[in-house]
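A quick write-up on the structure given underneath.
Nothing in this text is a laboratory measurement; each read-out follows from the coordinates by a stated rule. Since this is a predicted model, take the numbers as computed values, not measurements. Note that we place each Cβ from the backbone using ideal geometry, even for glycine, and neighbour counts take in every protein chain shown.
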Amino acid sequence: MMEIKKAVMNVEEENLKLVKMLKWPEGKVDVILDTDTYNEVDDQFALAYMLRSEEKLNVKAVYAAPFFNQKSNGPEDGMLKSYDEIGKMLKLLDREDMMDKVYLGSRQFLPSETKPVQSDAANDLARRAMDYTQENPLYVLAIGAITNISSALLINPEIKDRMVVVWLGGNGFEWPDNYEFNARQDVAAVRVLLGCGVPVVLLPCRGVVSAFSVSGPELEYWLRGKNELCDYLVETTLEYAKEKGYPDVWTKPIWDVTTVGWLLNRDYFMDRLVPSPIAEYDHKWAFDQSRHMIRYVYYINRDLLFQDLFRKLVK
């Protein structure tokens with residue numbers, strides 16, 4: 001009986017710590033972006049938005065994340081292409097001074113839930129996060145496969161109490177499956193992230209962030225001709241829609257911007273504390289009410305977030 005009471009008390013203490021760390025942060029915070037930048041078009045928006053939000057975000061590093069789809073011949077190739085795309089975006093943003101803070105990431109997905117993938121990015125995070133505390137954590141904005149971050153957690157488990165991971169991944173809990181690009185690429189890494197006890201803000205894709213969509217005419221109206229960066233974002237998005245065979249009337253989710261937006265303004269989002277879900281290898285969510293808490297985003301004020309994004313991109 002005493003052992004049961006002790007276990008309950010340990011869970012309660014852990015959740016109390018997590019609830020404190022998962023509060024929306026007041027003031028300026030240090031952030032890292034982990035991004036598969038070449039994969040789609042939304043990462044470019046997110047990187048630009050982050051660097052144009054100096055009033056709130058102090059960017060410490062950018063990590064290139066692996067991905068594998070028709071735009072790469074494997075996770076390593078995807079990571080290297082993302083690294084190059086980060087450099088291209090920094091040039092458009094006139095922030096080439098940031099290149100020495102860009103790190104190569106994992107060249108493969110996590111081989112198991114116990115074996116990290118060594119990379120410059122994972123090792124940097126495993127070291128860097130040790131400079132932070134529960135009261136003043138490092139914020140990790142993760143918008144790709146979570147391999148780099150989970151590898152760092154396996155390399156140095158102590159960092160879980162020194163950082164908060166804001167991850168765009170998986171689908172909404174009510175969605176019929178969890179077969180989402182970031183989650184399905186590396187289920188082992190997702191299980192590490194959501195099982196180790198690190199504070200997580202989860203932004204699910206289908207059913208939640210899918211509402212954060214923009215149309216071609218909106219991009220033309222708000223961004224076209226404003227500057228070289230805006231023209232690049234418009235062209236890459238329109239080209240993506242053409243390649244995907246979108247119909248004449250279309251909208252495209254700009255998924256990754258939402259991770260940056262969550263840190264910038266809590267009024268743009270609605271979220272709640274829930275027990276951490278379990279990512280199963282059959283691409284389904286499983287649930288255990290005794291697990292530690294995470295923050296789950298379930299609503300985005302699409303209009304206000306796009307308004308802030310467009311204003312910062314055109315300045």
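Sub-7 Å Cβ pairs linking a first residue in segment 174-192 that is in contact (Cβ under 8 Å) with a residue 24 or more places away in the chain to a second residue that is surrounded by 24 or more Cβ atoms within 10 Å (Cβ to Cβ) and of a type in the set (S, T, N, Q), at least 6 apart or interchain, are D186/T147; A189/T147; A189/S150; V192/S150, ordered by first then second residue.
Residue by residue, here is whether (1) of a type outside the set (K, R); (2) touching a Leu at 6+ places or on another chain (Cβ under 9 Å) holds:
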{"position": "W255", "(1), (2)": "yes, yes"}
{"position": "R266", "(1), (2)": "no, no"}
{"position": "L273", "(1), (2)": "yes, yes"}
{"position": "Y281", "(1), (2)": "yes, no"}
{"position": "F287", "(1), (2)": "yes, no"}
{"position": "S290", "(1), (2)": "yes, no"}
{"position": "Y296", "(1), (2)": "yes, yes"}
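Only a single criterion out of (1) surrounded by 19 or more Cβ atoms within 10 Å (Cβ to Cβ); (2) free of Cβ contacts under 8 Å to residues at least 24 places away in the same chain is not satisfied by K252, namely (2).
Tally the residues that are over 18 Å from C196 (Cβ atoms), touching a strand residue (DSSP E or B) at 6+ places or on another chain (Cβ under 8 Å) and assigned to a loop (DSSP other than H, G, I, E, B), restricting the search to segment 271-297. Before you say what the answer is, go through the steps one by one.
In the first step, residues of segment 271-297 are kept if they are over 18 Å from C196 (Cβ atoms); the result is 271-272, 282-284, 289, 297.
With touching a strand residue (DSSP E or B) at 6+ places or on another chain (Cβ under 8 Å) added as a condition, the list becomes 271-272, 289, 297.
Those left that are additionally assigned to a loop (DSSP other than H, G, I, E, B): 289.
Number satisfying all stated conditions: 1.
Can we say E180 is more than 17 Å from the chain's Cα centre (by Cα) and either closer than 30 Å to V117 by Cα or surrounded by fewer than 17 Cβ atoms within 10 Å (Cβ to Cβ) (or both)? No. If the condition is being without any contact (Cβ under 8 Å) to a residue 60 or more places away in the chain, buried (at least 22 other Cβ atoms within 10 Å of the Cβ) and not β-branched (V, I, T), then segment 104-149 contributes S106, P116, S119, A122, A129. Taking the criterion of being charged (D, E, K, R) and either farther than 17 Å from L125 by Cα or not in a loop (DSSP other than H, G, I, E, B) (or both), the residues of segment 94-113 that qualify are D94, R95, E96, D97, D100, K101, E113. Filtered by the rule that a residue be within 20 Å of K91 (Cα to Cα) and in a loop (DSSP other than H, G, I, E, B), segment 48-78 gives R52, S53, E54, A65.
Of everything listed in (1) under 28 Å from V19 (Cα atoms); (2) more than 16 Å from the chain's Cα centre (by Cα); (3) part of a helix (DSSP H, G or I); (4) not hydroxyl-bearing (S, T, Y), the single unmet condition for A122 is (2).
Quick grid of which residues meet (1) over 20 Å from the mean Cα position of the chain (by Cα); (2) farther than 25 Å from Y296 by Cα; (3) hydrophobic (A, V, I, L, M, F, W, C):
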| position | (1), (2), (3) |
| --- | --- |
| L22 | no, no, yes |
| L33 | no, no, yes |
| A46 | no, no, yes |
| Y49 | no, no, no |
| N58 | no, no, no |
| E85 | no, yes, no |
| M98 | no, yes, yes |
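Within segment 160-177, restricting attention to residues that are farther than 14 Å from V209 by Cβ and among the aliphatic types (A, V, I, L, M), the residue that is nearest to the chain's Cα centre (by Cα) is V165. Of all residues in segment 46-57, exactly one satisfies the criterion of being surrounded by fewer than 24 Cβ atoms within 10 Å (Cβ to Cβ) and closer than 15 Å to G87 by Cα, namely L51.
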